[in-house]
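Working notes, beginning with the structure itself.
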Amino acid sequence: MSEFRVRRRESLEVLRAEACEELDTVIRERLRSGEDPWAFMEELPTVDELVVYLLRADAIALNDGIQPTPAREYRVLRQIALEHPALTSTVWHLIGRFAA
């Protein structure tokens with residue numbers, strides 16, 4: 001089994017800034033389409049959740065787009081937490097969500 005390595009070279013601060021810009025764009029577009037922010041804000045991921053999703057997507061792309069098995073999913077998320085300790089609590093929260 002090959003181990004996943006986080007391929008992105010950006011720092012966590014840069015990844016968070018990109019995620020924040022992405023969330024701002026989503027919010028702006030949903031407001032422009034007339035949606036009520038009270039109806040959709042709770043369903044949006046946090047900035048850190050979005051960073052983890054992006055890093056997870058990179059891992060899936062590196063594996064030829066094949067969806068991970070539960071065991072690989074766990075290893076990928078655990079590796080993200082190891083390489084970005086500030087994301088550890090978010091990763092563990094998402095591990096519970098992906099396992100459900």
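Computed from the coordinates by the stated procedures, all read-outs in this text should not be read as laboratory data. Everything numeric in this text was worked out from a predicted model, so none of it was measured. Here the Cβ is made from the backbone with ideal geometry for all residues, glycine too, and neighbour counts use every protein chain on show.
What number, in percent, do you get for the relative contact order of region 12-99 if the mean sequence gap of Cα pairs under 8 Å and at least 6 apart is divided by its residue count? Don't skip to the answer; put the middle values down first.
Numbers: 43 pairs, mean separation 24.3, N = 88.
Relative contact order, region 12-99: 28 percent.
Region 16-43 to region 68-97: how many Å between their Cα centroids?
So the two Cα centres are separated by 25 Å.
Distance in nm between label sites at residue 24 and residue 42, each 7 Å beyond Cα in the beta-carbon direction?
Inter-label distance under the simple model: 2.7 nm.
Could you quote the convex hull projected area for region 12-99, Cα atoms only and averaged over all directions, in nm²? Please report the intermediate quantities before stating the final value.
Numbers: hull surface 25.6 nm².
Projected area, direction-averaged: 6.4 nm².
I'd like the orientation of helix 88-99 relative to the chain: the angle between its Cα long axis and the longest Cα principal axis, in ° from 0 to 90, rounded to 10.
Between the helix axis and the principal axis of the chain, the angle is about 90 degrees.
Suppose every Lys and Arg Cβ carries +1 and every Asp and Glu Cβ carries -1, with no other charges. What dipole size does the chain come out with about its Cα centre, to the nearest 20 debye? Mind showing how you got there, number by number?
Numbers: 13 positive and 18 negative charges, 95 e Å.
My answer is approximately 460 debye.
In degrees between 0 and 90, to the nearest 10, how far off the longest principal axis of the chain does helix 47-62 point, with axes built from Cα atoms?
So the helix axis and the longest Cα principal axis differ by about 50 degrees.
Could you tell me which of 67, 37, 25 has its Cα farthest along the dipole of the chain towards the positive end, charges placed at Cβ (Lys, Arg +1; Asp, Glu -1), taken about the Cα centre?
Result: 67.
What value, in deg cm²/dmol to 500, does the helix sum -39500 (n - 2.57) over DSSP H runs of n ≥ 4 give at 222 nm once divided by the residues of the chain? Display every interim value, and only then the final one.
Details: 5 runs with 67 residues, N = 100.
Value at 222 nm, helices only, nearest 500: -21500 deg cm²/dmol.
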